[in-house]
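Everything below concerns the one structure shown next.
The values are calculated or read from the model by the stated rules, or taken from the named source; none is laboratory data. Quantities reported herein were computed from a predicted structural model and do not represent experimental measurements. As a convention, Cβ positions derive from the backbone with ideal geometry for all residues, glycine included, and neighbour counts pool all protein chains shown.
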Amino acid sequence: MTSRPFNFSAGPAALPEEVLTQVAQEMLDWHGSGMSVMEMSHRGREFISIAEAAEADLRDLLQVPANFRILFMQGGGLGENAIVPMNLSQRNGSGKVDVVVTGSWSKKSAQEAQRYADVHIAATNAPEGQRHIPVAAEWQLRPDAAYVHVCSNETIDGLEFHELPDLKALGSDAPLVIDCSSHQLSRPIDWSRVGLAFGGAQKNIGPAGLTLVYVRDDLLGHALPICPSAFDYKTVAEAQSMYNTPPTFGIYVAGLVFKWLQRFGYAGKTGLAAIEQRNIDKAQLLYAALDGSNLFENRVAANCRSRMNVPFYLRDERLNDAFLAGARERGLLQLKGHKSVGGMRASIYNAMPLEGVQALTAYLRDFEAQHG
Ligand SMILES: Cc1ncc(COP(=O)(O)O)c(C=O)c1O
């Protein structure tokens, strides 16, 4: 193993080094086929075997029930902000979509859905700052909403649902749609509470260009006439994600990440349970360092702090540039916060080892000792 810097990018984000090494080794000749995966027909037996294994491994890791289809699509999270309402908003003929706004990404989802549906903000944490998740019992859900949208991990604001809402218990029959782009595969998903989940691959799963959609069978077949065929979930599902050419290289890399995760061991656990435990430990370490500091602060309510994206601020913002320059010198990359909120952000996805977070917390302490 080479010693690479620790990369805290929010996405596209660090991938497991083992996977990158294997991709490099197989680049010119995949398993004696004489071809790179990039050069294979998506309908040939080699690629079909890659795609089938990737889907089966993902289903196994996330315990995706048999009545959900896993779709490998293109268009990213923002594409899904349009594709979901085009597929689901007329599911019950109402054209109504309820959205819970907890930060930048759910706000964008609401805005995009408005182009296709009657959107109602069922709850919001604006304007006092996006630092908590409104209590589900207080959401104003419409009885005839076609679905309810939440962003289960707000990548920019650093808020995460640690428990998905139980819409049935809230008196709603609507399916819950989650944008899980930035925490999919970091923890289990309670599928009994979800109708559809989507996320771009470029955080925990693989290269940008692949979008994962998990959709319950009964939600297929309701697309609006204006929905492009390539984005009609039923069409894509019936063609096993091969209605059009899928992002083949992304699926291949994702498949290697799934195998890596299946082998992954930590704290006496394996697979998803192991990575979840490591994610919990990394997040605790980093939040404890921030909370114990007089120079740095995280502003998110303790019960909804994200395990994946940790935004933080220097109380003296004049030190921002010095902080980032010192971080780069130590091999701690891409810590600058999103431009809309400023400050810093450490994204600590699955591929970030515990040592990376230890290196960051050591730097926080040293920087504070020098400048605090
Ligand atoms: C939660 C969330 N939703 C949506 C998006 C947008 O995804 P894409 O850039 O793949 O369209 C992002 C990107 O970072 C995200 O973090």
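Could you pull out every one of the helices (runs of 4 or more DSSP H) wholly within segment 223-322 that has 2 or more residues that are buried (at least 19 other Cβ atoms within 10 Å of the Cβ), within 20 Å of the chain's Cα centre (by Cα) and of a type outside the set (Asp, Glu)? Walk me through how you get there before you give the answer.
Values: elements: 233-238, 248-263, 271-291.
Ranges flagged: 248-263, 271-291.
Which residue pairs have Cβ atoms closer than 7 Å, lie 6 or more positions apart in sequence or on different chains, and pair a first residue in segment 202-227 that is of a type in the set (Asp, Glu) with a second residue that is part of a loop (DSSP other than H, G, I, E, B)?
These pairs meet every condition: Asp217/Asn67.
When you scan segment 7-23, do you find a residue that is within 16 Å of the ligand (Cβ to nearest atom), under 30 Å from Asp157 (Cβ atoms) and not in a loop (DSSP other than H, G, I, E, B), even just one?
Yes, there is a match, as at least one residue in segment 7-23 is within 16 Å of the ligand (Cβ to nearest atom), under 30 Å from Asp157 (Cβ atoms) and not in a loop (DSSP other than H, G, I, E, B).
Mind checking which residues of segment 69-108 are over 16 Å from the mean Cα position of the chain (by Cα), away from the ligand (no atom under 16 Å from the Cβ) and under 20 Å from Gly250 (Cβ atoms)?
The answer is Arg69, and nothing else.
Give me the pairs, please: first residue somewhere in segment 234-245 and hydroxyl-bearing (Ser, Thr, Tyr), second residue anywhere and surrounded by fewer than 15 Cβ atoms within 10 Å (Cβ to Cβ) and at pLDDT 95 or above, beta-carbon distance under 8 Å, and either six or more positions apart or on two chains.
Cβ pairs passing all conditions: Thr235/Ser229; Tyr243/Ser229.
Every residue, every condition in (1) among the hydroxyl-bearing types (Ser, Thr, Tyr); (2) within 16 Å of the ligand (Cβ to nearest atom); (3) more than 18 Å from the chain's Cα centre (by Cα); (4) surrounded by fewer than 23 Cβ atoms within 10 Å (Cβ to Cβ), yes or no:
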site: Asp144; (1), (2), (3), (4): no, no, yes, yes
site: Tyr147; (1), (2), (3), (4): yes, no, yes, no
site: Gly158; (1), (2), (3), (4): no, yes, no, no
site: Pro175; (1), (2), (3), (4): no, no, yes, yes
site: Pro188; (1), (2), (3), (4): no, no, no, yes
site: Phe198; (1), (2), (3), (4): no, yes, no, no
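Going through Ala117, Ala56, Ala66 one at a time, which residue ends up being crowded, with 18+ Cβ neighbours inside 10 Å and either assigned by TED's automatic domain parsing to the domain that holds Tyr214 or modelled with pLDDT of 95 or more (or both)? Write out each step before concluding.
Working: Ala56 fails: crowded, with 18+ Cβ neighbours inside 10 Å; Ala66 fails: crowded, with 18+ Cβ neighbours inside 10 Å.
Result: Ala117 is the single residue among Ala117, Ala56, Ala66 that is crowded, with 18+ Cβ neighbours inside 10 Å and either assigned by TED's automatic domain parsing to the domain that holds Tyr214 or modelled with pLDDT of 95 or more (or both).
Looking at Arg69, Arg91, can you tell me which residue is touching a Phe, Trp or Tyr at 6+ places or on another chain (Cβ under 8 Å) and part of a loop (DSSP other than H, G, I, E, B)?
Selected residue: Arg91, the only one of Arg69, Arg91 that is touching a Phe, Trp or Tyr at 6+ places or on another chain (Cβ under 8 Å) and part of a loop (DSSP other than H, G, I, E, B).
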